[in-house]
Amino acid sequence: MNNEYISDDFYDSNDDNIFDEQSVEIKNDNGKKVAMSILDNYSDELTAKTYVTNPAISREKQLKDMILILLSPEKSVVLTGPAGVGKTSLVEGLALMIQQNKVPNVLQNYKIYKINTSSLLGNYEHDGIVESKLQLLINEVIDRKNTILFIDEVHTLVTAARNGSGVDFLNMLKPCLDRGDLKIVGATTTKEYEEFLLKDKAFIRRFEKVEIPEPDEETTVKIVMGTKKKIELATGVIFPYSDYLLEQIAKFIVSITSKYKRRAETGSNYPDIALSLFSSCFTFARFDNAKEVNFKYIYEAIKNTRLIYPDVVEKALPEFKNTFKEWMEKEGTVLDD
């Protein structure tokens, strides 16, 4: 965390690893030999992960909408929304609910696999036979039961069929999609959905859209606060301040990363951009081999950020000093200009 909130990149720091390809003989549920397990080599089982905090903070409505679609026998889900709003985190939230048996009975035994789409575009050679990786995935999952595939940038797989890949992804999965044995949760930006998928009748027939809006500032503050433990575990650095002070710092970070203060080229949104800046406070502490974040590292993170415009940073630094002066004096922190 595509928090996993936190940015998609942060949440998915291990998701895009491409493991060594293993030409091992495996069998699907019908005993058919499969040359290579795509799920083993190119996916991350989200229902097997350990979640320190709820990845889908304040996304109850979108979670419910997604579950209701998945309960429909012939429907799968496509999540749309701007980059960085937490589409991957929503699916991780569903995985956590499955772990905790907080989903309807129909979904309780499902496993969710996050597929790295870029690794599926191409071929795999075994025993002198060249096969499409996408075809191998289809062969593997077509007879599986209780499987949810989470496919980020799902438009790339749908458009690949139009561009001469030789694999019609949706049509080949049609039997198991129609039976309801296999479910797909796709994710793409609103722009890509409208440009590539909205005019695809086969896609629209099988997928219902769940729009993931950018959260407001108040919700983003909650997400930053709720993600603190996850960042602590990931970095080994502790944020030692009280919940009250954490909230004040989160509000400050969220305020200086609001829409018109962001560098346009980042293309990021809440909560991603706020969480990226918050997590960089821990990075500066790690650079000094410090075990705790203090105001010096928060200040350095703001001072050196490239997420917001330089004039915003210039105005934010004296404001930061003034806002947290009392606490810095108690801490004995002296900031460099």
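The values are calculated or read from the model by the stated rules, or taken from the named source; none is laboratory data. This is a predicted model, so every value here is computed, not measured. Here the Cβ is made from the backbone with ideal geometry for all residues, glycine too, and neighbour counts use every protein chain on show.
So for the range 308-317 (the condition being under 20 Å from the mean Cα position of the chain (by Cα), at negative phi and not in a helix (DSSP H, G or I)), does at least one residue qualify? So that I can check it myself, show each step before the final result.
Residues of the range 308-317 under 20 Å from the mean Cα position of the chain (by Cα): none.
There is no residue in the range 308-317 that is under 20 Å from the mean Cα position of the chain (by Cα), at negative phi and not in a helix (DSSP H, G or I).
Cβ-Cβ below 8 Å, separation at least six or inter-chain, first residue in the range 40-60 and not assigned by TED's automatic domain parsing to the domain that holds Gly236 and among the aliphatic types (A, V, I, L, M), second in a loop (DSSP other than H, G, I, E, B) and surrounded by 15 or more Cβ atoms within 10 Å (Cβ to Cβ): which pairs?
Ala56/Asn3; Ala56/Tyr5; Ala56/Gly86; Ile57/Asn3; Ile57/Tyr5
Return the residues of the range 274-307 that are part of a loop (DSSP other than H, G, I, E, B) and among the small types (Gly, Ala, Ser); say none if nothing qualifies.
Taking the range 274-307 and keeping what is part of a loop (DSSP other than H, G, I, E, B), we get 288-291, 293-294, 305-307.
The answer is Ala290, and nothing else.
Mind checking which helices (runs of 4 or more DSSP H) fall wholly inside the range 144-248 and carry at least 1 residues that are of a type in the set (Ser, Thr, Tyr) and within 30 Å of Trp327 (Cα to Cα)?
Qualifying helices (runs of 4 or more DSSP H): 217-235.
Taking Ser268 as the residue in question, decide whether it is at pLDDT below 95 and under 17 Å from Thr220 (Cα atoms).
yes
When you go through Ser89, Ser118, Ser72 one by one, which is the residue that is among the hydroxyl-bearing types (Ser, Thr, Tyr) and at pLDDT 95 or above?
Ser89
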